[in-house]
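Quick notes on the structure that follows.
The values are calculated or read from the model by the stated rules, or taken from the named source; none is laboratory data. Note that the coordinates shown come from a computational prediction; the quantities given were computed from them, not determined experimentally. Here the Cβ positions follow ideal geometry from the backbone for every residue, glycine too, while neighbour counts run over all protein chains shown. Just the protein is used for accessible areas: all its heavy atoms, side chains included, with ligands, DNA and RNA removed. Shrake-Rupley method; radii C 1.70, N 1.55, O 1.52, S 1.80 Å.
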Amino acid sequence: MPDGYFGSYLTLAIYSLAMIGLVGGTLGLNRLVSPKVPGKEKMTTYESGVDPIGSGQSQTTIRYYMFALLFVIFDVEAVFLFPWAVVFEEIGVFAFVEMMIFVAILALGLLYAWRKKVLDWI
Amino acid sequence: MQGLIFLVVAATSGFAAVRLVTNKNLVHAALYLVVTLMGMAIIFLLLTAEFVAWVQVLIYVGAVIVLLLFGLMLTRAQIGKTALDRQQRWVAGPVALVLFGVTAPVLWRFFDGRTISLDRQSGNTEALGTEIFTKFVLPFEVVSVLLLAALVGAVFLAKKD
């Protein structure tokens, strides 16, 4: 296990490469040894056993976008949690109160979305 | 070693960036943007800016790309069938060259010969946290109001249909 700043990331890099190699190797081996009998039916898009109709591109509802947007906003919130967690012990109660106010203000937004039935999936 | 990693990552990022703007399929372009932004994150890591690197991964690679892809799915436009090109290469080219010509020498002159110390135990996340949670308390809380405004605005617009 290498030490230091770059050492820790070297460990991560070696681990990632091993994982990519494992997955790629297994899939590659599968491709090498598996028999291939292509057909017109087999080449269609898999749609849970139902024949696909229309093109792959279609307009989706705004509901999906709302969930993506909620994700972005709470992702930005999560970014602030990391430096907060690092200095939490150092600053103590004050930091805790600060973050609770921050989360509470954002929770208001979530409450608004909930009451407006954006979170319901009809 | 770091120089070699930088070269590989920068080359991959640059290639993906070129493919990003020359690609006709917008979904593929968004996926090339993922490669470019991940390359940037690795470059930030090489510069020991750990926090910036992981924010890059969380916000840009995670959230912004998701928003972009969902935005593409929302449009009625036929993606990938026609080239979405405004044919403004003659304006864009010189502008990009001028920007590069200004920023590159400035960065070069400022950072030439500088080195980053690697002895720091906890890195700059701690310094950043101390700054935010002691000096910039009010701006930090205002950020939550800004996010709240974005959330409420989005909900309002989406429910108006």
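Data overview
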| quantity | calculated |
| --- | --- |
| Residues (within 7 Å of chain B (Cβ to nearest Cβ) and under 26 Å from B:Trp54 (Cβ atoms)) located in the range A:91-122 | A:Ile91, A:Ala95, A:Glu98, A:Ile101, A:Phe102, A:Ile105, A:Leu106, A:Gly109 |
| Where B:Met38 falls short, out of the listed (1) surrounded by 17 or more Cβ atoms within 10 Å (Cβ to Cβ); (2) over 28 Å from B:Gln87 (Cα atoms); (3) at pLDDT below 90 | (3) |
| Residue within the range B:102-111 that is open to solvent by less than 100 Å² (accessible area, probe 1.4 Å) and at positive phi present | no |
| Residue in the range A:13-24 that is hydrophobic (A, V, I, L, M, F, W, C), at the interface with chain B (Cβ under 7 Å from one of its Cβ atoms) and under 28 Å from B:Leu128 (Cβ atoms) present | no |
| Verdict on B:Ile65 being closer than 30 Å to A:Glu77 by Cα and within 14 Å of another protein chain (Cβ to nearest Cβ) | yes |
| The range B:14-54 - residue that is within 26 Å of B:Leu72 (Cβ to Cβ) and among the small types (Gly, Ala, Ser) and, of those, nearest to the chain's Cα centre (by Cα) | B:Ala41 |
| First in the range B:42-54 and facing chain A (nearest Cβ under 8 Å), second anywhere and open to solvent by less than 50 Å² (accessible area, probe 1.4 Å) and part of a helix (DSSP H, G or I), Cβ under 8 Å, 6 or more apart | B:Leu45/A:Tyr9; B:Leu45/B:Ala53; B:Thr48/A:Tyr5; B:Phe51/A:Pro83; B:Phe51/B:Thr125; B:Trp54/B:Ala41 |
| Test for B:Val142: is it at pLDDT 85 or above, over 30 Å from A:Lys116 (Cβ atoms) and either in contact with a strand residue (DSSP E or B) (Cβ under 8 Å, 6 or more places away or on another chain) or of a type outside the set (Phe, Trp, Tyr) (or both) | no |
| Any pair with Cβ under 8 angstrom, 6 or more apart, that starts in the range B:21-37 at a residue that is without any contact (Cβ under 8 Å) to a residue 24 or more places away in the chain and ends at one that is of a type in the set (Val, Ile, Thr) | B:Ala29/B:Val21; B:Val35/B:Thr12 |
| Filtered residues of the range A:1-47 (kept if outside any helix (DSSP H, G or I), open to solvent by less than 50 Å² (accessible area, probe 1.4 Å) and among the aliphatic types (A, V, I, L, M)) | none |
| Meets criteria (more than 10 Å from chain A (Cβ to nearest Cβ) and at pLDDT 90 or above) for B:Phe100 | yes |
| Only listed residue being in a helix (DSSP H, G or I), touching an Asp or Glu at 6+ places or on another chain (Cβ under 9 Å) and surrounded by 10 or more Cβ atoms within 10 Å (Cβ to Cβ), chosen from A:Val87, A:Val72, A:Val76 | A:Val87 |
| Within the range A:9-62, tally of residues that are touching a Phe, Trp or Tyr at 6+ places or on another chain (Cβ under 9 Å) and polar (S, T, N, Q) | 1 |
| Of all residues making up the range A:90-115, the number that are closer than 28 Å to B:Val61 by Cα and exposed (fewer than 12 other Cβ atoms within 10 Å of the Cβ) | 3 |
| Residues (part of a loop (DSSP other than H, G, I, E, B) and hydrophobic (A, V, I, L, M, F, W, C)) located in the range A:90-122 | A:Val118, A:Leu119, A:Trp121, A:Ile122 |
| Selection count where residues are open to solvent by less than 40 Å² (accessible area, probe 1.4 Å) and facing chain A (nearest Cβ under 7 Å), scope the range B:142-161 | 7 |
